[in-house]
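Notes for the one structure printed next.
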Amino acid sequence: DLGLFDGRLSLSGDLYRRDTKGMLMPGAELPSVFGATEPMENGAGLRTKGFELTLGWNDDINVLGKKLNYYASFSLADNKTKVTKYKKNINKQLNETYEGMEWGEIWGYQIDGLFASNEEAAEYNSRIDQTLVSQNIFVQAQGDYKGLQAGDMNYADLDNSGRIDNGINTLENHGDLKKIGNRLPRYTFSGNIGFSWYGIDLSAFFQGVGRQHIYPGGDCMLFWGGYARPYSSFVPEKFADDIWTTENPNAYFPKQRGYSAQGNRSLAQKNDRYLQNLAYCRLKNLTVGYSLPENWIKKIHMGRVRFYFSGDNIATWTKLRSDYIDPEQFSKDGNGRVYPFPKTFSFGVDVTY
């Protein structure tokens, strides 16, 4: 904790490591002859490393013969957590907690773009079996729509096995999977700025997240549109511009196939192309006020009269590729079925006698 320049500059910082030991968890697997479920035991541990930093400035200057008081502060925090002990899951299956795991990690496939032509898709299909991650294309699809085509996704064969799969889904043998993100918020920040001068006062409060990942759920029609459920009554504005066609080869989404974000189908497989970053900065509050001069209000025996305007959640800047999903709320429900924070505007008068 520091205070410099006669208290105008303040700095507060914490650097920490927190160990959580003896966490309650399901016990190690026992033979079926045991006749009951495994008892719980204190067999897990976590280690969190992080920091918190707050920097502030508070000062005044003379402007046009009147003192202008102003201030600004900024806070930043971050942490990472790893599992240091976990007696169960000794094979380190990726769909369960395992020792050495980074808490919140997301595993998925790498997408090397969309096929530019049917010939390119056919050549890829002759070398690499993509059936497991595209069951809607190879199993459910019929007639001319069956098999890889132009506009479908090109999954990367990272382990050069000739087959796109997750191996045996363990840390040692994860096939073509790789870490593509983390669902926990990183680099959380907030800021305050404000001033007062000649009866005018202004304050603004910002807050946000620097990085946080999520893969949209299969029922997230606000993101997937018809790729989730073709009968959805909601279609994002200009959504057609994002769909691959021969006239739109650089589109964001692949060739349109209904329900492809559901079940074991192509878009339902977590991948780096459609992984979303929930990083955002939001203007949570802006307040502007004006206080009448004291020599005016003393005549009517009042201590203070202030008119003000206040707005909440006025603006949001985000990396999330959607105009219809609140990034702060999306982390709570991967299908986006959560009401966004509303914009609220209020006007008022503060009177002190």
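Couple of notes before you dig in:
- Estimated FRET transfer efficiency when R0 is 25 angstrom, pair ARG163-LYS82 (beta carbons, to 0.05): 0.20
- For region 28-162: rounded, prolate or oblate by the Cα gyration tensor [a/c cutoff 1.5]: oblate
- Under a 5 Å amide H cut-off, with hydrogens placed 1.01 Å from N, ARG8 pairs with nothing among residues at least 5 apart or on other chains.
- Lys, Arg +1 and Asp, Glu -1 on Cβ, resulting dipole of region 97-256 about Cα centre, debye, nearest 20: 440 debye
- Charge-dipole axis of the chain as Lys and Arg at +1 and Asp and Glu at -1 on Cβ define it, positive-most pick from TYR71, ILE314, ILE300: ILE300
- In Hz, Karplus ³J(HN,Hα) per residue of region 315-328 (6.51, -1.76, 1.60; θ = phi - 60°; x = Gly, Pro): 8, 9, 10, 8, 8, 4, 8, 6, 9, 10, 10, 6, x, 6
- By the rule of a C-alpha distance below 25 Å, with chain neighbours fewer than 8 residues away ignored, the lysines paired with LYS80 are LYS21, LYS49, LYS88, LYS92, LYS178, LYS179, LYS270, LYS319, LYS332.
- Amide H partners (placed H, <5 Å) of ARG163, local residues excluded: ASP129
- Across region 286-291, rounded Karplus estimates of 3J(HN,Hα) from the backbone phi angles (6.51 cos²θ - 1.76 cosθ + 1.60, θ = phi - 60°) give 9, 10, 10, x, 9, 9 Hz, Gly and Pro being marked x.
- Summarising the amide proton neighbourhood of ASN182: residues at separation of 5 or more, or on other chains, whose placed amide H is nearer than 5 Å comprise ILE106, HIS213.
- The longest stretch of the chain left intact once loop-based trypsin sites (Lys or Arg not before Pro) with at most 15 other Cβ atoms within 10 Å are removed from consideration, loops following DSSP, is 239-318.
- Computed from phi, the 3J(HN,Hα) profile of region 237-243 under the Karplus parametrisation 6.51, -1.76, 1.60 (θ = phi - 60°) reads 4, 6, 4, 4, 5, 8, 8 Hz, with x in place of Gly and Pro.
- Crossing angle, helix 118-127 versus the chain [Cα axis fit, 0-90 degrees, rounded to tens]: 60 degrees
- Here the chain was treated as a single set of alpha-carbon atoms; its pair distances binned every 20 Å from 0 give 21, 42, 27, 9, 1 percent.
- The spacing between region 1-72 and region 135-186, judged by their C-alpha centroids, is 37 Å.
- Cα gyration tensor category, rounded, prolate or oblate, for region 188-230 with a/c compared to 1.5: oblate
- The Rg/Rh ratio for region 142-264, using Cα coordinates for both the radius of gyration and the Kirkwood hydrodynamic radius, is 1.16.
- Prolate/oblate/rounded call for region 273-353, Cα gyration tensor, a/c under 1.5 rounded: prolate
- Site pair LYS238 and ARG17 shows an inter-label distance of 5.0 nm when each label is modelled 7 Å from Cα along Cα→Cβ.
- Surface accessible to a 1.4 Å probe, per residue, for the residues of the chain, Å²: 57 Å²
The values are calculated or read from the model by the stated rules, or taken from the named source; none is laboratory data. This is a predicted model, so every value here is computed, not measured. Positions of Cβ are generated from backbone atoms using ideal geometry, with glycine treated the same way; all protein chains shown enter the neighbour counts. Ligands, DNA and RNA are excluded from the accessible area calculation, which covers all protein heavy atoms including side chains. Shrake-Rupley method; radii C 1.70, N 1.55, O 1.52, S 1.80 Å.
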